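Colleague: Dropping the structure in here first, questions after.
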Amino acid sequence: MELSAIIQHYDNLLETRDNQVMHLTNQLESEQRRAAMLESELGLALAASSRAEDAHAVELAKVEGDVARVLAERRGLMEKLQGIEVVEDAVREMVVQMKMQTAHNRQIGAMQGELGRISELMLQNDQLRDRLREVLGTREQLRAQVKSMASTTELAQRQQRIQQRSQLDTASLMRSSTANAYSRAGSALSVGRPRPSTAAQLLASRRATAEEQAKAAAEEQEEHDPLYLTWKLTNVGKLHKGIKTSIREIKRDLTEAAPTWAKGEQHSGMAGRAQSIGM
């Protein structure tokens with residue numbers, strides 16, 4: 001129950017993390033849409049500035065045409081007043097340069113303002129990206145913790161299985177020693193026959209082999225399937241049940257394969273134990 005609560009807690013943490021990631025992703029998408037809108041606004045501003053430049057160019061062309069007509073009309077006077085013409089040309093050039101410089105400065109100011117806004121948006125985007133990376137790092141740490149807990153649980157289960165196997169081996173050795181104590185007379189008459197302890201050793205060996213095979217199969221499945229850790233935590237009872245079934249089958253096979261003299265000694269030992277219990 002504590003392990004289930006811990007798993008539920010970490011599932012809640014993962015769900016909260018996923019919600020935070022989704023929220024940050026939505027914020028990032030909204031900021032990207034806002035940046036796109038600002039870029040479109042910048043494009044519109046640049047287009048308006050271009051149209052203003054075209055209008056200024058048209059107006060300047062009109063002014064230049066008017067000036068050309070005035071110059072044509074005053075050509076005679078300007079021939080007489082070359083000094084005034086030189087001054088007028090200089091003033092006109094200064095006016096044109098000032099107009100161009102003023103328009104250029106306005107455009108530069110507007111573009112600098114837009115670039116500042118874009119820089120702020122990019123900074124916010126970087127901050128959101130850093131927060132997203134922190135959330136992802138927390139997610140990886142949680143996964144590592146869950147994996148460590150699963151490994152600890154598996155180690156405890158292996159130790160429990162080893163302890164159970166040791167208890168079973170001890171019980172089988174005690175049963176073998178009891179059977180040998182009741183069958184010493186029969187053993188003295190048949191020196192060349194194998195003792196029943198060989199069957200117990202064979203049973204223990206087959207049981208250890210079955211457990212090692214089950215352990216190897218579980219490790220192989222764990223290597224090929226990352227989801228086996230969660231499956232293993234919820235299906236330990238089924239694994240123990242399968243091992244117990246294999247042990248019962250091995251015992252049945254040994255009983256069927258035992259020689260007749262071993263069966264007779266086993267029955268005589270059981271009868272002797274029943275008599276001792278009755279007394």
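Residues checked against (1) in contact (Cβ under 8 Å) with a residue 40 or more places away in the chain; (2) assigned to a helix (DSSP H, G or I); (3) exposed (fewer than 10 other Cβ atoms within 10 Å of the Cβ); (4) among the basic types (K, R):
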{"residue": "G113", "(1), (2), (3), (4)": "no, yes, no, no"}
{"residue": "R117", "(1), (2), (3), (4)": "yes, yes, no, yes"}
{"residue": "E120", "(1), (2), (3), (4)": "no, yes, no, no"}
{"residue": "E134", "(1), (2), (3), (4)": "no, yes, no, no"}
{"residue": "K147", "(1), (2), (3), (4)": "yes, yes, no, yes"}
{"residue": "T153", "(1), (2), (3), (4)": "yes, yes, no, no"}
{"residue": "Q157", "(1), (2), (3), (4)": "yes, yes, no, no"}
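Colleague: Which of the numbered conditions does Q101 fail, given that it passes all the others? Conditions: (1) over 30 Å from S148 (Cβ atoms); (2) at pLDDT 80 or above.
Modeller: Q101 satisfies all of (1) over 30 Å from S148 (Cβ atoms); (2) at pLDDT 80 or above except (2).
Colleague: Now for a different question. Does E88 satisfy being surrounded by 11 or more Cβ atoms within 10 Å (Cβ to Cβ) and of a type in the set (D, E, K, R)?
Modeller: Criteria met by E88.
Colleague: Within segment 129-139, is even one residue over 24 Å from Q20 (Cβ atoms), under 24 Å from the mean Cα position of the chain (by Cα) and among the small types (G, A, S)?
Modeller: no
Colleague: Let me ask you something else. Which condition from (1) more than 16 Å from the chain's Cα centre (by Cα); (2) more than 30 Å from S30 (Cβ to Cβ) is the one that A110 breaks?
Modeller: For A110, the failing item is (2).
Colleague: Out of L77, L60, L3, report the one residue that is in a helix (DSSP H, G or I) and within 30 Å of K147 (Cβ to Cβ).
Modeller: After ruling out the rest, the residue left standing is L3.
Colleague: State whether one or more residues within segment 52-63 are touching a Lys or Arg at 6+ places or on another chain (Cβ under 7 Å) and either exposed (fewer than 11 other Cβ atoms within 10 Å of the Cβ) or more than 30 Å from K99 (Cβ to Cβ) (or both). Show your work before the answer.
Modeller: Going through segment 52-63, the residues touching a Lys or Arg at 6+ places or on another chain (Cβ under 7 Å) turn out to be none.
Checked against the condition, which is being touching a Lys or Arg at 6+ places or on another chain (Cβ under 7 Å) and either exposed (fewer than 11 other Cβ atoms within 10 Å of the Cβ) or more than 30 Å from K99 (Cβ to Cβ) (or both), segment 52-63 yields no hits at all.
Colleague: I've got another one for you. Which residue, of M94, M100, is of a type outside the set (K, R) and either touching a Cys at 6+ places or on another chain (Cβ under 7 Å) or surrounded by 11 or more Cβ atoms within 10 Å (Cβ to Cβ) (or both)? I'd like the intermediate steps shown before the answer.
Modeller: Numbers: M94 fails: either touching a Cys at 6+ places or on another chain (Cβ under 7 Å) or surrounded by 11 or more Cβ atoms within 10 Å (Cβ to Cβ) (or both).
Result: M100 is the single residue among M94, M100 that is of a type outside the set (K, R) and either touching a Cys at 6+ places or on another chain (Cβ under 7 Å) or surrounded by 11 or more Cβ atoms within 10 Å (Cβ to Cβ) (or both).
The values are calculated or read from the model by the stated rules, or taken from the named source; none is laboratory data. Because the structure is a prediction, the values reported are computed rather than measured. We place every Cβ from the backbone using ideal geometry, glycine too, and count neighbours over all the protein chains shown.
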